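Peer 1: Have a look at this one.
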Amino acid sequence: MIPMTTDRLLLRQPDDDDLAPFAAMNADPEVMRYIGDGSVQPPDPDRAAAWIARARQEWDERGHGPLSVVVRETGRTAGWVTLAVPTFLPEILPAVEIGWRLGRQHWGHGYATEAARRLLEFGFAECGLDRIVSIRHVDNQPSRRVMDKLGLRFAFETVVPAHGRPVAVHEITRPEPHPRLP
Ligand SMILES: CC(C)(COP(=O)(O)OP(=O)(O)OC[C@H]1O[C@@H](n2cnc3c(N)ncnc32)[C@H](O)[C@@H]1OP(=O)(O)O)[C@@H](O)C(=O)NCCC(=O)NCCS
């Protein structure tokens with residue numbers, strides 16, 4: 001099942017080819033504006049390497065986790081999508097969250113939606129999940145739009161205890177199988 005492909009993208013487990021693009025992405029204030037407390041991480045390949053090691057461990061332990069998003073035409077890493085446990089928001093646990101982060105040069109091509117749509121299918125069909133949530137800073141309009149396009153419905157607003165920023169929780173439930181025609 002992994003790697004997975006879409007029309008334009010390859011979704012594969014993170015590896016060393018992602019170190020530089022991930023480090024650059026996490027050092028970009030525009031990318032990090034609505035993530036966590038909004039602070040950037042100075043470019044740090046060691047930190048990126050540790051993140052990649054944890055990503056692979058998540059896959060081993062849970063059967064889901066982060067996937068690098070690679071543009072098939074260029075072979076370049078655009079960012080990542082993930083199915084993760086949102087431990088930063090204890091009030092909604094147990095839950096599995098879909099999330100996304102792309103380098104700025106890759107925004108605006110529909111890549112996040114295309115990658116996340118494939119990952120949602122994977123979550124319902126292969127991981128057997130009944131419900132998937134997505135969480136965004138309330139002002140994160142691009143993410144809101146991605147959630148809308150994917151069919152994730154707004155559920156409620158709350159605050160992240162660790163830093164006090166307001167977030168909106170969206171959700172989607174497993175699609176019903178199509179009824180058999182008589
Ligand atoms: C969120 C993010 C992944 C979206 O990636 P993307 O590939 O550009 O997303 P898509 O192209 O699939 O869709 C983005 C949509 O938001 C819309 N959009 C962009 N900026 C917008 C804004 N300021 N207000 C409203 N809509 C906006 C786009 O027009 C597009 O909608 P459309 O297809 O109807 O035109 C990317 O912006 C990103 O990495 N942001 C920083 C990290 C982040 O915030 N991650 C999410 C945390 S919840």
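The numbers here are math on the coordinates, done by the rules we state, and not lab data. The shown structure was predicted, so the numbers you read here are calculated from the model rather than taken from an experiment. Note that each Cβ is placed from the backbone with ideal geometry, even for glycine, and that neighbours are counted across all protein chains shown.
Peer 1: Could you work out how far apart the two model spin labels at R54 and Q141 are, taking each label as a point 7 Å from the Cα in the direction of the beta carbon, and quote it in nm?
Peer 2: Output for this residue pair reads 3.2 nm.
Peer 1: Return the ratio Rg/(2.2 N^0.38 Å) for the range 43-182, where Rg is computed over Cα atoms only.
Peer 2: 1.10
Peer 1: Continuing with the same structure: Name the residues whose placed amide hydrogens come within less than 5 Å of the amide hydrogen of A78, ignoring near sequence neighbours (fewer than 5 apart) on the same chain.
Peer 2: The list, which skips near neighbours in sequence, is V69, V70, V71.
Peer 1: Take the chain, connect every pair of alpha-carbon atoms lying under 10 Å apart with a spring to form a Gaussian network, then pick out the residue of D15, D148, D60 with the largest mean-square fluctuation.
Peer 2: Of D15, D148, D60, the most mobile in the Gaussian network model is D60.
Peer 1: State, in angstrom, two size descriptors of the range 55-104 derived from its alpha carbons: Rg to one decimal place and Dmax to the nearest whole number.
Peer 2: Values for the range 55-104 (Cα only, Rg and Dmax): 12.9, 41 Å.
Peer 1: I would also like to ask the following. Find how much the distance from V40 to T158 grows on full extension, using 0.36 nm per residue of separation minus their present alpha carbon separation; answer in nm with one decimal. Before the final figure, lay out each step's value.
Peer 2: Numbers: separation 118, 0.36 × 118 = 42.48 nm, distance 2.31 nm.
Result for the pair: 40.2 nm of gain on full extension.
Peer 1: Something else about it: Could you give the dipole magnitude of the chain about its Cα centre, charging the beta-carbon of Lys and Arg +1 and that of Asp and Glu -1, in debye to the nearest 20?
Peer 2: Details: 22 positive and 25 negative charges, 99 e Å.
My answer is approximately 480 debye.
Peer 1: Still on this structure, please answer the following. How long is the gain from D28 to E126 if the chain were fully straight, where each residue apart is worth 0.36 nm and the alpha carbon distance is subtracted?
Peer 2: Length difference between fully extended and current span is 31.9 nm.
Peer 1: Take the eigenvalues of the Cα gyration tensor for the range 19-83, scale each by 5, and report the square roots as semi-axes in whole Å, largest first. List each step's numbers first, then the result.
Peer 2: Working: eigenvalues 76, 51, 29 Å².
In descending order, the three semi-axes are 19, 16, 12 Å.
Peer 1: Still on this structure: Starting from the Cα-Cα distance between D7 and K149, subtract it from 0.36 nm times their residue separation and give me the gain in nm to one decimal. Before the final figure, lay out each step's value.
Peer 2: Working: separation 142, 0.36 × 142 = 51.12 nm, distance 1.71 nm.
Stretched out fully, the D7 to K149 stretch lengthens by 49.4 nm.
Peer 1: Next question, about the same structure. Go through the range 61-125 and name the trypsin sites (Lys or Arg not before Pro) that are in a DSSP coil and have 16 or fewer other Cβ atoms within 10 Å of their Cβ. Could the numbers behind the result be given before it?
Peer 2: Values: sites: R62, R72, R76, R101, R104, R117, R118; in loops: R72.
Hits after loop and neighbour filter: R72.
Peer 1: Follow-up question, since we're still on this one. I'd like the Karplus ³J(HN,Hα) series for the range 139-147: coefficients 6.51, -1.76, 1.60, θ = phi - 60°, whole numbers in Hz, and an x wherever there's a Gly or Pro.
Peer 2: Working through the residues one at a time gives 8, 7, 6, x, 5, 4, 5, 4, 4 Hz.
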